[in-house]
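Everything below concerns the one structure shown next.
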Amino acid sequence: MNLKGRDFLTLKDFTPEEITYLLDLSAELKDKKKKGIPHDMFRGKNIALIFEKTSTRTRCSFEVAAHDLGMGSTYLDPTGSQIGKKESIADTARVLASMFEGIEYRGFGQEIVEELAKYSKVPVWNGLTNEYHPTQMLADMLTVREQLGELKGKKLVYMGDARYNMGNSLMIVCAKLGLDFVACTTKEYFPNAALVAECEEYAKASGATITLEEDPQVACKDADVIYTDVWVSMGEPDEVWEKRIKELSPYKVTSQLMSLAKPTAIFLHCLPAFHDLKTKIGKEMGERFGITDMEVTDEVFESPQSKVFEEAENRMHTIKAVIVATLGE
Ligand code: CP
Ligand code: NVA
């Protein structure tokens, strides 16, 4: 398998075999890290990390992965560069590509990271856009594989806003790898029809199924994985909180919903999560709407079925695999 020189913008661009190869490489690199086997084979190389939205996991994963691989990394924060304000994406791409071996981009529209990749002669990695979050998918699938042994035929239920980066990307990866994907939400929050149709095509080849379901009691039955994400994503206006809390509350992951799933089922969340009031926004919403949590209860989040921190750790191992595969040894 040779992914050298490839951009990593959405999993739509990758075959099931290529995705599986990246998962296998992630597991191999994770094993090396755990055993303390050095893998700093990219000494002397450097990567640029552009973040137009904030991050904990993705930024740290790229930085730690780069360090483990012997590489330097430069972080450009949402205010710390000329991008988009004084310098076009095309010019930025050409400047950065002349100094770095790879470029990570987190930001708004997918067309921005596509533009960056178009003008960059080095690989560009999507660290989250409004539409997709492909590096997260590798961590999620690695976690499911580690916890449940295999991917094919597993039922993954995504609860909440299924039109955005997480819902879209989970549908794509499940369709490619043969999982049964269920988007459980109201009609307004279902993924867009064109993407569903595209994923139906992938599903034909992999044996996956795609279901759009409004009733959480039906959706969660016999699930292997119940997954959720915040109800308001980065970059969305504060005004939408009230509407989202009202409309998505029936899709909160509770112990009652978890009890409908298989006894072996796991709970996943890309994080950060509103499972209590210990954050600024959580506290504010708690006071405004009289709630103690949002997309998941604290009970589920802290339960043995919750594998969210294993999942978060896997961000680093999988991002490292993307860097290794696309830069090539
Ligand atoms: N899951 C995820 O992408 O987390 P960060 O926003 O902290 O990078
Ligand atoms: N949907 C969330 C994912 C965060 C990792 C967001 O875009 O803010």
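The values are calculated or read from the model by the stated rules, or taken from the named source; none is laboratory data. Given the structure is predicted, the values throughout are model-derived calculations rather than measurements. Note: ideal-geometry Cβ built from the backbone for every residue, glycine included; neighbour counts use all protein chains shown. In case anyone asks, the SASA skips ligands and DNA or RNA and just uses the protein heavy atoms, side chains included. Shrake-Rupley method; radii C 1.70, N 1.55, O 1.52, S 1.80 Å.
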Condition met for residue 175 (within 12 Å of ligand 2 (Cβ to nearest atom) and either at negative phi or not in a strand (DSSP E or B) (or both)): no
Looking only at segment 314-329, and only at residues there that are buried (at least 22 other Cβ atoms within 10 Å of the Cβ) and polar (S, T, N, Q), the one that is farthest from residue 258 (Cα to Cα): 318
Residue check for residue 311: of a type in the set (Asp, Glu) and open to solvent by 10 Å² or more (accessible area, probe 1.4 Å): no
Members of segment 16-27 found to be buried (at least 18 other Cβ atoms within 10 Å of the Cβ) and touching a Leu at 6+ places or on another chain (Cβ under 8 Å), listed by number: 16, 19, 22, 23, 26
Residue that is farthest from the chain's Cα centre (by Cα), among those in segment 57-80 that are farther than 14 Å from residue 133 by Cβ and of a type in the set (Ser, Thr, Tyr): 79
The one condition in (1) more than 22 Å from the chain's Cα centre (by Cα); (2) within 16 Å of ligand 2 (Cβ to nearest atom) that residue 235 fails to fulfil: (1)
The lone exception for residue 237 - which of (1) more than 30 Å from residue 145 (Cβ to Cβ); (2) part of a helix (DSSP H, G or I) it fails: (2)
Unique match (being in a loop (DSSP other than H, G, I, E, B) and either surrounded by fewer than 17 Cβ atoms within 10 Å (Cβ to Cβ) or at pLDDT 95 or above (or both)) among 283, 262, 243: 262
For residue 277: the one exception among (1) part of a loop (DSSP other than H, G, I, E, B); (2) within 16 Å of ligand 1 (Cβ to nearest atom): (2)
Residue match in segment 294-306 (condition: assigned to a loop (DSSP other than H, G, I, E, B), open to solvent by 10 Å² or more (accessible area, probe 1.4 Å), in contact with a Gly (Cβ under 8 Å, 6 or more places away or on another chain) and away from ligand 1 (no atom under 15 Å from the Cβ)): no
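To keep it simple, each residue is scored yes or no on (1) away from ligand 1 (no atom under 16 Å from the Cβ); (2) not aliphatic (A, V, I, L, M).
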site	(1), (2)
189	yes, yes
197	yes, no
201	yes, yes
210	yes, no
219	yes, no
228	no, yes
249	yes, yes
256	yes, yes
260	yes, no
Test: residue 321 is within 15 Å of ligand 2 (Cβ to nearest atom) and of a type in the set (Gly, Ala, Ser): no
Condition met for residue 223 (within 19 Å of residue 177 (Cβ to Cβ), surrounded by 13 or more Cβ atoms within 10 Å (Cβ to Cβ) and away from ligand 2 (no atom under 16 Å from the Cβ)): yes
